[in-house]
Amino acid sequence: MSIAIEFKSVTKKYPLYHHITGGFKNLILNLPKAVREMKQSSFVALDNISFIINRGETVAFLGRNGAGKSTTLGLIAGVLKPNLGRVTIMGRVSPLLELGGGFHPDLTGIENIQLNGVLLGLTRKQVAQKIQSIVTFSELGDFIFQPVRTYSSGMLARLGFSVVAHLDPEILLIDEVLAVGDANFRRKCLEKMKEFKNKGVTIILVTHNPADVDLLCDRVIWIENHKVKMDGKRAEILPIYNASTQ
Ligand SMILES: Nc1ncnc2c1ncn2[C@@H]1O[C@H](COP(=O)(O)OP(=O)(O)OP(=O)(O)O)[C@@H](O)[C@H]1O
Ligand SMILES: [Mg+2]
């Protein structure tokens with residue numbers, strides 16, 4: 001088996017924001033202490049996490065809001081860097097477009113497809129060849145000619161997933177697209193993801209819906225309190241996870 005993703009003792013911290021509660025005078029008088037406190041105060045979003053995902057595995061990341069799932073995907077996509085430890089990725093990773101990141105709000109849907117297509121390494125000709133199919137898949141109709149800032153979250157998810165579905169990733173990252181899509185689009189996404197799975201693409205899915213995990217994923221990594229709580233076969237982990245959320 002060959003490795004697609006390896007996290008080795010990965011810690012990710014975000015800076016915390018400050019209020020100068022004691023006033024400026026106090027801040028200046030105690031400057032060294034104030035600077036030290038500011039440097040120290042960061043929030044640990046992922047705390048010393050390790051796992052290996054092999055090529056072709058389909059893995060669901062589960063856990064409560066704020067557990068660190070999207071942070072994990074950001075590290076895999078390379079848009080975040082770990083503070084400690086090492087992230088190793090072997091293969092082309094799909095971009096995280098589903099929730100609108102990567103789209104320019106003032107450009108129309110179609111302009112965003114063109115822009116992202118080129119940014120993601122397609123030639124203009126390839127973009128031109130795919131654009132009709134992307135637009136059709138999205139079912140956005142005439143809204144494709146409207147600026148993306150006018151889109152609902154479901155419409156943004158449609159646009160993002162439609163672009164991703166027309167790329168040729170080796171590692172597919174999906175963060176909650178199924179949660180905001182309506183039933184019809186959800187079905188379409190799941191079918192497309194199954195196609196990717198059958199082609200041997202490594203799939204990383206973040207969801208709050210156990211039914212999606214059942215349909216698509218063979219393995220579950222459960223994140224709790226910014227650490228891996230359980231990691232194993234879906235059939236073993238999902239019942240325990242479900243029981244814990246009752
Ligand atoms: N840019 C940021 N700056 C500061 N803190 C952040 C930032 N992004 C995330 N965090 C914090 O890191 C923690 C993990 O966030 P993350 O988005 O990874 O959670 P999640 O598991 O995806 O949650 P959800 O299910 O709500 O999407 C949260 O406590 C969040 O507040
Ligand atoms: Mg998230």
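Just so it is clear, none of the values below were taken in a lab; they were calculated from the coordinates. Since the model is a prediction, treat every value here as computed from it, not as a measurement. Please note: Cβ atoms are built from the backbone with ideal geometry, for glycine as well, and neighbour counts cover all protein chains shown.
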How much of the calculated P(r) for region 1-123 lies past 17 Å, in percent of all Cα pairs? 69 percent
Cross-link partners among aspartates and glutamates for Lys199, C-alpha distance below 18 Å, same-chain residues fewer than 8 apart left out? Glu57, Asp168, Glu170, Glu191, Asp218
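Considering all alpha-carbon pairs of the chain, what whole percent are spaced by more than 23 angstrom? Can you show the working numbers first?
On the way: 16641 of 30135 pairs.
Value for the chain: 55 percent of Cα pairs lie more than 23 Å apart.
Compute the signed sum of charges (Lys and Arg +1, Asp and Glu -1) over the other residues within less than 9 Å, Cβ to Cβ, of Met90. Numbers along the way, then the final one.
Values: positive: Arg55; negative: Glu6, Glu170.
Every neighbour counted, the sum reads -1.
Before anything else, pin down the relative contact order of the chain: Cα pairs under 8 Å, at least 6 apart, normalised by residue count, whole percent. Mind showing how you got there, number by number?
Working: 411 pairs, mean separation 63.7, N = 246.
Relative contact order comes out at 26 percent.
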Cα long-axis angle, helix 109-119 against the chain (0 to 90 degrees, to the nearest 10): 70 degrees
Rounded, prolate or oblate for region 53-105? Axes are the square roots of the Cα gyration tensor eigenvalues, ordered a ≥ b ≥ c, and the cut-off for rounded is a/c under 1.5. rounded
Among Ser152, Leu216, Leu62, pick out the residue whose Cα is farthest towards the positive end of the charge dipole of the chain, where Lys and Arg carry +1 and Asp and Glu carry -1 on C-beta, about the Cα centre. Leu62
Most mobile of Val87, Val164, Val118 in a GNM of the chain (Cα contacts under 10 Å): Val118
Just to be sure I understand: with springs between alpha-carbon atoms less than 10 Å apart, which residue in Asn26, Asn54, Asn116 has the highest mean-square fluctuation in the Gaussian network model of the chain? Asn26
With the chain treated as a Gaussian network of Cα nodes joined by springs under 10 Å, which of Lys125, Lys12, Lys188 yields the largest mean-square fluctuation? Lys125
Near Lys229, which lysines are there with a Cα under 23 Å away, not counting those fewer than 8 places off in the same chain? Lys8, Lys12, Lys13, Lys69, Lys81
For Lys13, Lys39, which order do you get if you count the other beta carbons within 10 Å of each Cβ and list the fewest first? Lys39, Lys13
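Return a whole-number percent for the relative contact order of region 127-246, with Cα pairs under 8 Å and 6 or more residues apart as the contact set. Before the final figure, lay out each step's value.
Numbers: 103 pairs, mean separation 21.0, N = 120.
Taking the mean separation of contacting Cα pairs over the length of region 127-246, I get 18 percent.
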I'd like the orientation of helix 153-165 relative to the chain: the angle between its Cα long axis and the longest Cα principal axis, in ° from 0 to 90, rounded to 10. 70 degrees
0 to 90° range, to nearest 10: angle between helix 31-40 axis and the chain longest Cα axis: 40 degrees
